[in-house]
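What follows draws every value from the coordinates through simple rules; no lab data is involved. These numbers come from a predicted model, not from an experiment. Neighbour counts run over all protein chains shown; Cβ positions are idealised from the backbone, glycine included.
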Amino acid sequence: MDLVSTRFEKCIKCTICTVYCPVAKANPNYPGPKESGPDGERLRIKSPEYYDEALKLCTNCKRCETACPSNVNVGDIIAVARGKFEKKKINPKLMRDYILSHTDLFGSLSTPVAPLVNKITDSKIIKTIMDKTVAIDKHKSLPKYSFGSFRHWYKKQANTQSQFERQISYFHGCYVNYNNPQLGKDLVKVLNAMNIGVKLLKKEKCCGVPLIANGFHDKARKNAEFNVKHMTDAVEQFNTPILSTSSTCSLTLKQEYPHVLNVDNSKISNKLEFITSFLLREFMNGNMPNLAPVNKTIVYHTPCHLERSGLAIFTIELLRTIPGLKVIVLNSECCGSAGTYGFKKENYEVSMKIGKGLFEQIKQANADFAITDCETCKWQIDENTDLETIHPVSLLAQCLSE
Amino acid sequence: MKFDSIIIGGGIAGYTAGLRSLEAGLKTAIISNGQSALHFSSGSIDLLSHTPTGKIIRNPKVIFDKFTTEFPAHPYSKVGKGTVFASLKWYKNELTNAGIPLLQQDNGDNHLRITPLGTLKSTWLSQPYVQQLPMRLTQHAIKRIVVVQINDFRDFNAKMVTDNLLQIPEFTDVEISHTNISIDGFSGLKRNACELRSIDIARILTDEDEIKALATKLTAVATPNDLVILPAITGNGMGLKILNKLHSLTHLTFHEVPTMPPSMLGIRLEETMIDLFIKRGGMLLKGDQVTHGDMAEDDGHSGELTLKRIYTRNLETMPLTADNYIFASGSFFNKGLIAHHNKLQEPVFDLDMNNHEERNTWYSPQFFADNSQPFLSLGIKTNHRFNPMLKGKVVNNLFCAGSNLGGYDPIAEGSGSGVAISTAYHAVNQLLKNTKNSHLQHIASDSLA
Amino acid sequence: MGKVTRFNSEVLIIGGGATGTSIMRDCALRGITCILLDKGDIASGTTGRNHGLLHSGARYAVTDGESARECIQENKILKHIASHCIEDTSGLFITLPEDDLDFQNTFIDACASASIDTQRLTPQQAIDLEPNVNRNLLGAVKVPDGTLDPFRLCASNVLDAKNHGAQLLTYSMVKSLIRIGERIIGAKCINTRTNEQFEVYAQEVINAAGIWGKNICHYADLNVQMLPAKGSLLVFEHRINDLVINRCRKPADADILVPGDSISLIGTTSEEIDYKDIDALKTSEKEVNILIEEGAKLAPILAQTRVLRAYAGVRPLVDVGGGDGRNISRGIVLLDHEQRDGLAGFSSILGGKLMTSRLMAEMTTDLIANKLGNTTSCSTHLQQLPGSVVINNSKPQKTVFTTKAATHRHGQNAVATFDQSTKGKSIVCECEMVSVGEIEYAIKQLDVTNLVDLRRRTRLGMGSCQGELCTYRASSLFCDFANCSGNESSKLLMQFFEERWKGIKPVLFGDALREAEFTYWLYEGLFGATDINKLGEKQADKEYYEI
């Protein structure tokens, strides 16, 4: 019994987590975080017979943890239990889960032939086929691959970047690398404008969050150990902070590695920082680039994992430094995407139901565009509202002035 | 990161302080470690039902001065009559304007609410569908009570309510019965419908057809002359709207009663306050916990301390600073106070407590003791301005509010929400007086009723 | 002056603990009619307040070889007849740095002499088997210890006995024995719930009342010296060990950590108390500290584990000679009062332990059967108890958790009779997975009269929340299944919390205090439970605060 398990004993059975669980709200058939997490774990210790397959309905949004007055890591307890007990049936859904979660493999295969892959996955016929065979819901558009990865682009910049006196290390993650290198380029632009150069880790693998969510805990652990090794090397060599632009990668590297995968990241944990936290601190210390006024109204959506990390305050305050920008902070609720969860046919309806409230809020707000720090939230909002959604760093990059 | 006012704790005291701070134009942050005890509250505001010695209070305002003389150390006595009633008036208006009307007896008396067990408890402000029985109970005008059992709902039992109400002498002439009603939406669920909590039923009842079906069933079992006791099963942000709809469809008089957790009535208060706080530009740090703070000797006031900055678990290296802080961290449930083997402690700053005695003095021999449980009155020791002390030294820019305060028993007295609201309101007043900003000081003196 | 009800049977057994219920079963299986009385519920005495340890006997091997041999024999029998009451966890006897490692050899040899299988383990092997064991251990010996649920055992004994014609009367207190000349012919009793008096007539009266047996003997003007020694134990919120952990040294305080169903418990202390205090047991702060300190030596994680409650039991120690307290026996003491004291129709079976209850019953029933002229031999060691009978040994089907849990508690046969509807399977106690159907079964078939009895039969309220969520729900079910009025069930609710409170008070710190505050807020602040006893008071008659 490891340390995570014993944390469930603090649960005093108040039921608050169930009130705030977006899945329980949308899907009355989900037993809820209390039963799946602390109640369930206590019984699973007695006998593994008490593992409930319904735990796979959990999106790992961690809103239960944010709401818990007893500091029980309900989401972690569920994730660890799933890793231990969830049975993988050999069927097309397993293949789908494999494809959706092994982002490095499919990312590196696809980026060299991105235009073709994108055309295929966009085709209505293919979508219908995927829907019927591997149960990827046909309403969902699979993320587009970039023609050429971020790392590939960066190789040409490496030299220039190393000229800066101050340096940071950038954990780019799969989204920037395979889907949207522009965000990475935006980051480099912003940091350079602050006289900071960007390094990449020598090597990097997917943070592992889709692997955890889809039950490939062993692979996730291998990725984690790999990443910790390279981050440790970077810190030992350069003593730089390690920044991430993805709110989920950030949470995973810092919290999920020790709590769910039992991977020790203590040597570099205090070097890990989410980008808006770093940027705001820099701005407050006087290192703020010139920003041209942006006379627009934006709505800010708090990603579930960012809320859990407690770092939304940095993004919000950062946005408030942009001159002329009207910032409407939306009532924090889950978008329903939950990473790979929302792509799956069996989850699609619930995913839409979860996000309905948010889409409604956005509709009512009459903003020019939406800002959020999480890529899957971005895809969800793009797909289901009329608003374009961009990352706060991309907004900063756009309004940099000389 | 700097704020004008930082509030530690997101419960009824914390949000009261937060909303008042925003009203005064202060840049305000609330740090909340999980949702609050409002989730199991009656959704009514308990001002003062009993004295600390167990005597019943009919009208809190009328006896207030006598109370202050007899119990000078009670938080109400320190806050003062003017502020207590101003704060409740303010709270009532805020919630009413936000869509949750809070009603009271015209003459300022307490009123009795029928509890989920069929007993009577007095309170001061209640939500619209909570039937208010007069303190002089023989003057009630009820002829018939119908208690509704939702079939298969395990968290509310109508028969228990009925049989207990039948024992109440003042209801001898009232016809009291219970009846069963089914919620259509229970069938067709894969999950066992008998395991649904009040919040789950509330989600089913957001559907128009479900509401209409329920209305039809209710009309079949009661008439507009009856008092219909219904468990609180509407919510999801629309609790009162749905009750309004049910009322307009049935013309029945409802008495909404909280169930086993969670309480939809209590949730209504919390979600409304959070909503207001965020809409008005407050910064809410959810699910975060203050780990410690830096105190320093106050150069201006010798022998006193000021709180310089606080650190939270999520913000780690980035402390939060404010000129003044309000400490509304709650009681044992919320971990605002913790009980070690033989010591009670306030875990954030290790402030002085009002009790140093051994564990066996913390509890009564009986669970349902007539004189309640001693641990409920244990808490942080404060001066007349609600400043706490650290090893005897006053922390003059930290103001305590709510259930982390020692010196009162929220359950025995029926004063929990009243103390929370009034001490939080008072704390903001103190904070405004304490601020170096003269403009804000001006606002403070205006707001003192 | 009403007519007093009379009951008749061949045998009257006083005391419904492990011994009494085992005798009830043994008699019934031999075709001897019997009535069992207990002043409270079954297993509410010492039987319900011990470690729940299925001894291998290893603990007694060095100091009391005969006891050890009895234990291991009964261990094997119980594993066969009461499998649903038992978890065959094995046990470890660990040697810590401050213990004498040489003692291990003495221990192993003594076990061998008593035919107790042992296996010497290296520290690493012990840690692999039991990750939470103290990693500083120098060595360990594995033994066939297990855990035994005493409530389940007693309930099963009673069920089997009733199936064979026996009768149980709980909450029935003996006020005096009915004597004619030099013969006891029955007892005068009172139903403590209804205050109704009644009489039971029997050819043989058996005193199986444990530590209370002294009182029963007094009613016959007989003196038996008993030395009540109190022992306290702590229950933890969840299982922290899978094997029983003992110290490999002479027995002392707080050196057995026993897993059991969803929890672990640590025991025990030893404190002599006055006889008059046997019904008012309290666990002191000192005892709580000892239990945690010493317990943490077995499994360090214990010191940080949430404690749910404390409880205390009284060892039924009998002074077999001299009355000076020197010859205290934990062994079996069977007194044939006809032989010993010239008083026929009366015997006492005292001392002993949970492990040997079946054996004690066999010895007693042999004696009684002989007196009655019944020649059927004992079969309690051969026949399985109702809950242990497995009808369907195929691969476990997908059943809901409440059915799984209920099957472990009551066996397949019983569970098959439960209400199989959605409501019947629905969860009432979320911590321990107790369903409506199980509660109905317990109320209607298992002599459950209140929530405290219900807890013993089903584990309701024994989990993390100690009844916070389930008490209300369960009490309302007494309206459905026990014909209680809403007011009566409200009082049952309050009674249950008072009972739980006794165990929570001694450990009211940390999460126990949080849970208690929460529960009190709910049931008093929100529900106004205290007023249940004052409903009949007029508002106008109450005391008001006026100026």
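A few points about this structure:
- Above-threshold pairs, the threshold being 29 Å between Cα atoms, out of B:K391/C:K297; B:K78/B:K308; C:K276/C:K353; B:K78/B:K335; A:K222/A:K344; A:K267/B:K343: B:K391/C:K297; A:K267/B:K343
- Distance (nanometres) between label positions extended 7 Å along Cα→Cβ at A:S266 and C:N163: 5.6
- Inter-centroid distance (Cα atoms) of region C:54-87 relative to region A:125-174, Å: 65
- Only helices enter the 222 nm calculation for chain C: every DSSP H run of n ≥ 4 contributes -39,500 (n - 2.57), and dividing by all residues gives -10000 deg cm²/dmol, rounded to 500.
- Here the peptides C:487-494, C:373-380, C:427-434 are ranked by packing, the mean other Cβ count within 10 Å, and the order with the highest first is C:427-434, C:487-494, C:373-380.
- Inter-chain neighbour count for A:15-25: the average number of beta-carbon atoms from partner chains within 10 Å of each residue's beta-carbon is 5.
- Among A:F216, A:F238, A:Q255 the positive-end extreme of the charge dipole of region A:198-272 (Cβ point charges): A:F238
- Computed log10 I(q)/I(0) for chain A at 0.14 Å⁻¹: -1.36, from the Debye equation with unit scatterers placed on every C-alpha and solvent omitted.
- Within straight-line reach of B:K433, meaning a Cα separation under 19 Å, sit the following aspartates and glutamates at least 8 residues removed in sequence or on another chain: B:D4, B:E23, B:D298, B:D299, B:E304, B:D323, B:D446.
- Helix A:150-161 vs. chain A, principal-axis angle (Cα, 0 to 90°, nearest 10): 40
- For B:A98 and B:T253, the FRET efficiency from 1/(1 + (r/R0)^6), where r spans their Cβ atoms and R0 equals 30 Å, is about 0.80.
- Per-selection metrics, region C:393-534 (Cα): Rg and Dmax in Å: 15.7, 56
- Beta bridges assigned by DSSP with both partners in region B:35-278 are antiparallel in approximately 35 percent of cases.
- Charge dipole (Cα centre; +1 on Lys/Arg Cβ, -1 on Asp/Glu Cβ; no other charges) of chain A amounts to roughly 760 debye.
- Gain on full extension, evaluated as 0.36 nm per residue between B:E304 and B:E23 minus their Cα-Cα distance, stands at 98.2 nm.
- DSSP bridge pairs, chain C: antiparallel proportion in percent, nearest 5: 70
- Point-to-point label distance, A:S141-A:M288, nm (Cα→Cβ direction, 7 Å offset): 3.6
- Near-label residues of region A:317-343 by backbone N, under 20 Å of a point 7 Å along Cα→Cβ of A:T297: A:317, A:319-333
- Computed log10 I(q)/I(0) for region B:35-278 at 0.14 Å⁻¹: -0.96, from the Debye equation with unit scatterers placed on every C-alpha and solvent omitted.
- Near-label residues of region C:229-269 by backbone N, under 14 Å of a point 7 Å along Cα→Cβ of C:E98: C:247-250, C:252-255
- Residues in region B:250-290 reached by a label modelled at B:N225 [backbone nitrogen below 19 Å; 7 Å Cα→Cβ]: B:250-255
- Entry note, chain B: relative contact order of 23 percent, from Cα contacts under 8 Å with a spacing of 6+ residues.
- Per residue, the convex hull spanned by the alpha carbons of chain B comes to 156 Å³.
- Members of A:K144/A:K199; A:K127/A:K156; A:K56/A:K229; C:K39/C:K282; A:K378/B:K212; C:K398/C:K423 lying beyond 28 Å, as alpha-carbon distances in this model show: A:K127/A:K156; A:K56/A:K229; A:K378/B:K212
- Rounded D (µm²/s) - region B:242-387, Kirkwood Rh over Cα pairs, Stokes-Einstein at 25 °C, 0.890 mPa s: 126
- Candidate membrane-span-like segments in chain C, meaning DSSP H helices with Cα atoms spread over at least 18 Å of their own axis and a Kyte-Doolittle mean of 0.0 or above, are C:357-372, with no membrane implied.
- B:I7 long-range amide H proximity, modeled H, under 5 Å: B:A29, B:I30, B:I31, B:I326
- Average projected area [Cα convex hull, region C:365-476], square nanometres: 9.5
- Folded to 0 to 90 degrees: helix A:124-133 orientation relative to chain A principal axis, Cα: 30
- 25 Å Cα-Cα threshold exceeded, pairs from C:K3/C:K188; A:K124/A:K345; A:K46/C:K491; B:K245/C:K491; A:K205/A:K345: A:K46/C:K491; B:K245/C:K491; A:K205/A:K345
- Only beta bridges with both residues in the protein assembly as shown are counted; by DSSP, about 50 percent of them are antiparallel.
- Spatial separation of Cα centroids for region C:400-422 and region B:74-136, in angstrom: 48
- Dipole magnitude of region C:66-126, debye to nearest 20 (Cβ charges: Lys/Arg +1, Asp/Glu -1, about Cα centre): 300
- 3J(HN,Hα) along region C:414-431: 5, 4, 5, 8, 5, 4, 8, 6, 4, 5, x, 8, 6, 7, 9, 9, 6, 5 Hz, from the Karplus curve 6.51 cos²θ - 1.76 cosθ + 1.60 with θ = phi - 60°, whole Hz, x for Gly and Pro.
- Extending 7 Å from the Cα toward the beta-carbon at both B:M238 and B:T179 defines two label points whose distance is 2.5 nm.
- Ordering C:N483, C:A416, C:C465 by Cα displacement along the dipole of region C:393-534 toward the positive end leaves C:A416 in first place; charges were set at the Cβ atoms of Lys, Arg (+1) and Asp, Glu (-1).
- Reciprocal of mean inverse Cα separation for region B:133-289 (Kirkwood radius, Å): 17.1
- Kirkwood Rh, angstrom, the protein assembly as shown [1 / mean 1/r, Cα pairs]: 34.4
- Chain C - percent relative contact order, Cα under 8 Å, separation 6 or more: 16
- The magnitude of the dipole of region A:47-143, with charges of +1 and -1 set on the Cβ of Lys/Arg and Asp/Glu and taken from the Cα centre, is near 400 debye.
- Relative contact order [Cα under 8 Å, 6+ residues apart], region C:393-534, whole percent: 17
- Counting only aspartates and glutamates at least 8 places from B:K217 when in the same chain, those with an alpha carbon closer than 12 Å to its own are B:D184.
- Taking amide H as placed 1.01 Å from N in the peptide plane, the amide H of B:M135 sits under 5 Å from that of B:L112, each at least 5 places away or on another chain.
- Degrees between helix B:239-250 axis and first principal axis of chain B (Cα, 0 to 90, nearest 10): 20
- Positive dipole terminus of the protein assembly as shown, leading residue within A:N29, C:Q384, C:W212 (C-beta point charges): A:N29
- Value of Rg to Rh for chain C, rounded to two decimals, is 0.97; Kirkwood radius and Rg both from alpha-carbon coordinates.
- Computed from the alpha carbon positions, the gyration tensor of region C:1-135 leads to an equivalent ellipsoid with semi-axes of 41, 16, 14 Å, biggest first.
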